Amino acid sequence: MDQEVLVRSDIEIRGRILDALNRTGIPVTLCEWHYVPQLGEWQLIVATPWYDSRGPRVTYDRIIKALQQTGVYEDVPLRRVFLKSPSDPIVKQLEIEVKNKTEGVIHIIDHGGQYSVLFAPFTGSGGAVPAKHISNQDELRRFLLERIRLAPIQVDEALSDLLTRGSTSISSVRLTRREVKNLGLG
């Protein structure tokens with residue numbers, strides 16, 4: 001399956017799940033994609049107080065029914081959706097990260113078919129900005145779409161600029177400190 005569609009569909013899936021849970025009255029304290037490097041995949045973490053008060057089995061059952069009632073169930077890869085308690089350590093960590101998003105600019109420089117990718121935050125402690133080195137344009141496209149999770153239109157425009165000018169910048173990119181570190185950009 002086309003990787004651009006997967007990325008776009010992940011963003012849409014999150015929104016559709018949130019809408020389905022909202023419309024059926026299921027409380028949600030967090031719904032956020034979480035990258036698991038060991039598996040090389042994104043998992044959608046959904047935290048709800050029902051996990052503690054009603055138990056995981058009943059909560060999963062109610063969420064599946066909510067997704068079925070709203071017509072979302074058939075389109076959602078449930079193996080990537082994980083229910084958690086609001087007090088779960090992963091949920092707590094994600095809550096902190098969501099609150100601590102750092103906004104900045106992604107700069108990409110073409111060095112004859114090899115690329116340097118830098119994330120320059122608008123605020124921070126200062127100092128050298130580490131670069132991620134990528135060996136070809138296909139790998140660069142995958143990195144921007146799958147790992148940084150930029151919109152396909154942003155990536156297409158950036159790669160077009162890169163071809164004509166040899167460098168490009170993508171503004172208003174929001175990453176957590178952990179994402180910056182995991183991506184090799186900090």
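Bear in mind that the values in this text are calculations on the coordinates, not laboratory data. Keep in mind that what you see is a predicted model, and the values were worked out from it rather than measured. Because the Cβ atoms are built from the backbone with ideal geometry, glycine has one as well, and the counts that use them run over all protein chains shown.
A Gaussian network model of the chain, with springs between Cα atoms under 10 Å, assigns the largest mean-square fluctuation among T24, T164, T102 to T164. Cβ crowding within 10 Å ranks F119, F143 as F143, F119, fewest other Cβ atoms first.
Helical content of the chain, expressed as a calculated mean residue ellipticity at 222 nm, amounts to -12500 deg cm²/dmol (DSSP H runs of 4 or more residues, -39,500 (n - 2.57) each, divided by residue number, nearest 500). Listed values for segment 35-47 are Karplus-derived 3J(HN,Hα) couplings in whole Hz (6.51 cos²θ - 1.76 cosθ + 1.60, θ = phi - 60°), namely 7, 10, x, 4, 9, x, 8, 9, 10, 8, 9, 10, 9, and x replaces Gly and Pro. A Förster distance of 22 Å, applied to the separation of the beta-carbon atoms of T70 and E41, puts the FRET efficiency at 0.35.
Spin-label pair L78-K181: with each label point 7 Å from Cα along the Cα-Cβ axis, the two points sit 3.5 nm from one another. Of the residues L39, L140, L162, the one that moves most in a GNM of the chain with alpha-carbon contacts below 10 Å is L39. With a 10 Å Cβ neighbour count serving as the proxy for reagent exposure, in which order, fewest first, do V36, V117 appear? Ascending Cβ contact count within 10 Å gives the list V36, V117. Annotation: amide H of T48 within the under-5 Å range of T29, K84, sequence separation 5 or more or interchain, hydrogens built in the peptide plane. Principal-axis analysis of the Cα atoms of the chain puts helix 152-165 at an angle of about 0° to the longest axis.
Mind checking the angle between helix 89-99 and the chain's longest principal axis? C-alpha axes, 0 to 90 degrees, to the nearest 10. Long axis of 89-99 versus the principal axis of the chain: about 50 degrees. Looking at [x] 119; [y] 128; [z] 174, which value of volume of the Cα convex hull per residue in Å³ comes from a calculation on the structure shown? Computed from the coordinates, volume of the Cα convex hull per residue in Å³ corresponds to [y].
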